[in-house]
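Undergrad: I am attaching a structure below and will ask some questions about it afterwards.
The values are calculated or read from the model by the stated rules, or taken from the named source; none is laboratory data. Being a predicted model, the structure only gives us computed values, none of them experimental. Heads up, the Cβs are rebuilt from the backbone with ideal geometry, glycines too, and the neighbour counts pull from every protein chain shown.
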Amino acid sequence: MASDTEKNKKDEIKEKIAFFFAKVGGLSKIQRLLICVLTIAVMGGSYYYFIFAPKYKILQGVKTEYKAQVTKLETFKRKARALKEFETKMAKVQEEFDIAMKALPEKKELPSLLRGVSKAGSNAGLVFLLFQPAPVVDKQFFKEIPLSLKVEGNFHQIADFFSQVGNLNRIVNIDNMSMKTDKKDSGLIQMDCSAVTYMFAEPKEEKTNGKKKKPRGKKKG
């Protein structure tokens, strides 16, 4: 029974195809050409809307995402280069800071540094008339440690003293200089100056107890 049904269906399809071609065969060349054009147009439109357009949309989305990722990559590369440059600069600053810190004396080194200044004057042949530590001056990140000096000697001895102080292994600056010749001996010069060295100090945070001071009332006379 099944084979008879399939045979009938095949015969029916053949008849429809034969009928279609018979119809087409009876048409003029222009009509057949129009049918071919319409068939191609329908097939082309179907291909565009159902196959090409969706895939093209996906492709455009992939291209857009690719461009976005490339832009992100370039941004990350720029940031990486900037970070590397920053790290290089920071390393250089740290190196310079370490060198500067080595040139600043520590608290325990101050006595030996003062002896070094005194020795420089003695080696140069100067006579110390005053050798007195002055009050420490607090700055934001360091302290100035001045030493008030008054020495006597000739010009070359004073120049030699400056040279020896400049060659100390810690920073010592000579400031506030004033010179005058000795009234009894014009070859001698008396010099007043300050020998200033520096010591690194951590900035201190101001402590407050959160209480405001009450203004004092005026005393009644």
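Rundown of residues vs (1) in the same structural domain as Phe131 (by TED's automatic domain parsing); (2) out of contact with any strand residue (DSSP E or B) (no Cβ under 6 Å at 6 or more places or on another chain); (3) within 15 Å of Gly121 (Cβ to Cβ); (4) modelled with pLDDT of 90 or more, yes/no style:
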{"position": "Phe142", "(1), (2), (3), (4)": "yes, no, no, no"}
{"position": "Lys150", "(1), (2), (3), (4)": "yes, no, yes, yes"}
{"position": "Asn154", "(1), (2), (3), (4)": "yes, yes, yes, yes"}
{"position": "Ile189", "(1), (2), (3), (4)": "yes, no, yes, yes"}
{"position": "Ser194", "(1), (2), (3), (4)": "yes, no, yes, yes"}
{"position": "Glu205", "(1), (2), (3), (4)": "no, yes, no, no"}
{"position": "Gly210", "(1), (2), (3), (4)": "no, yes, no, no"}
{"position": "Lys213", "(1), (2), (3), (4)": "no, yes, no, no"}
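Undergrad: Tell me which residues, restricted to segment 157-178, are under 16 Å from Met199 (Cβ atoms) and among the β-branched types (Val, Ile, Thr).
TA: Within segment 157-178, Ile171, Val172 meet the criteria.
Undergrad: Going residue by residue through segment 91-102, is there one that turns out to be out of contact with any Gly (no Cβ under 6 Å at 6 or more places or on another chain), surrounded by 10 or more Cβ atoms within 10 Å (Cβ to Cβ), farther than 30 Å from His156 by Cα and modelled with pLDDT of 85 or more?
TA: yes
Undergrad: Testing Pro105 on (1) surrounded by 10 or more Cβ atoms within 10 Å (Cβ to Cβ); (2) under 28 Å from the mean Cα position of the chain (by Cα); (3) modelled with pLDDT under 70, one condition comes back false. Which one is that?
TA: Result: Pro105 fails condition (2) only.
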